[in-house]
Amino acid sequence: MKRILLVLLMLAGLNTANANSFYFAWNGFGMANRYNYDLGMSYGAYYYRGITKGLALGTLEFYQTMNLYYGREVKSIVGSSLRTDITYRFFSPMIVLQTGHTGQSQVYFTGGVGELQSGGEATFSKWSRVPWSGPAGVYDSTIDFTEKLNKYVFRLGFGLAQYVRLGGNFHMFVNEDAGFLIRPMADMSGREFVAVKTNVAQFFQPTYLSLRIGIGLITHSKNQRYPSRIYAGKAPQ
């Protein structure tokens, strides 16, 4: 996918030699809309290039921690809980639109694939404290199902970015991002999670709302009145 997108960008750049290009790196954190346990840290970078007035194409690559916990049954005599602390590395093409005359605010849309990274943990706990609850009697077990997570997931996202000039071609930006998985992190067809008293698909298919802050370079912006405008060819006045 990366090679295909790079070829497309090179082709788009044949007639945009003087276009503004945006290179940014950032750190941030996010919160899941459901079952959030703690801040999910993220970091990454993006690049995009103007292909016409107010429109750019590019790529986004970042790491996102999925820090989730389902524990509504912890006080139940018979119950279960879910916990994940895992990280996916996402790579996405992106479309960027300038929202105003100055280009200081921009919106973007992304869609791409995420690859599970090593070092995380996903656990499923279940218990019964009632001796007569069945053949199993009293039990309390925790299962590590990290190896059963989907290695690849798909994500759609959109966001808003605002730029502040620092000096020369360097700028700071603040980015508010929303992204949701269109494929769960685990297989829902099995019987492992039948006893869980919630919609398990919602747990494994979270939406993350993120705040990101970064510094980067916008080419040809040093002497421009509106340095973050998107354009192809000669800079607009």
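The values are calculated or read from the model by the stated rules, or taken from the named source; none is laboratory data. These figures come from a predicted structure and were not determined experimentally. Neighbour counts run over all protein chains shown; Cβ positions are idealised from the backbone, glycine included. When the accessible area is computed, the model is the full protein with side chains, heavy atoms only, and any ligands, DNA or RNA have been set aside. Shrake-Rupley method; radii C 1.70, N 1.55, O 1.52, S 1.80 Å.
Summary of values
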read-out: Per-region count, the stretch 138-167, residues closer than 30 Å to V107 by Cα, out of contact with any Pro (no Cβ under 6 Å at 6 or more places or on another chain) and not polar (S, T, N, Q); value: 15
read-out: Only listed residue being buried (at least 20 other Cβ atoms within 10 Å of the Cβ) and farther than 30 Å from N20 by Cα, chosen from P184, P206; value: P206
read-out: Test set (1) in a loop (DSSP other than H, G, I, E, B); (2) more than 30 Å from G168 (Cα to Cα); (3) open to solvent by 70 Å² or more (accessible area, probe 1.4 Å); (4) out of contact with any helix residue (DSSP H, G or I) (no Cβ under 8 Å at 6 or more places or on another chain) - R225 fails condition number; value: (2)
read-out: Breaking point among (1) surrounded by 15 or more Cβ atoms within 10 Å (Cβ to Cβ); (2) over 13 Å from the mean Cα position of the chain (by Cα); (3) within 15 Å of G120 (Cβ to Cβ), for A56; value: (3)
read-out: Total residues in the stretch 28-53, condition under 17 Å from T123 (Cα atoms) and assigned to a loop (DSSP other than H, G, I, E, B); value: 3
read-out: All positions within the stretch 32-44 that are over 13 Å from L60 (Cβ atoms), open to solvent by less than 100 Å² (accessible area, probe 1.4 Å) and either in contact with a strand residue (DSSP E or B) (Cβ under 6 Å, 6 or more places away or on another chain) or charged (D, E, K, R) (or both); value: A32, N33, Y35, D38, L39, G40
read-out: Matching strands (runs of 3 or more DSSP E) fully within the stretch 70-178 where at least 2 residues are open to solvent by less than 80 Å² (accessible area, probe 1.4 Å) and touching a residue at least 40 places away in the same chain (Cβ under 8 Å); value: 78-98, 105-116, 121-128, 152-167
read-out: Residue within the stretch 183-206 that is assigned to a strand (DSSP E or B), in contact (Cβ under 8 Å) with a residue 12 or more places away in the chain, within 26 Å of the chain's Cα centre (by Cα) and over 19 Å from W26 (Cβ atoms) present; value: no
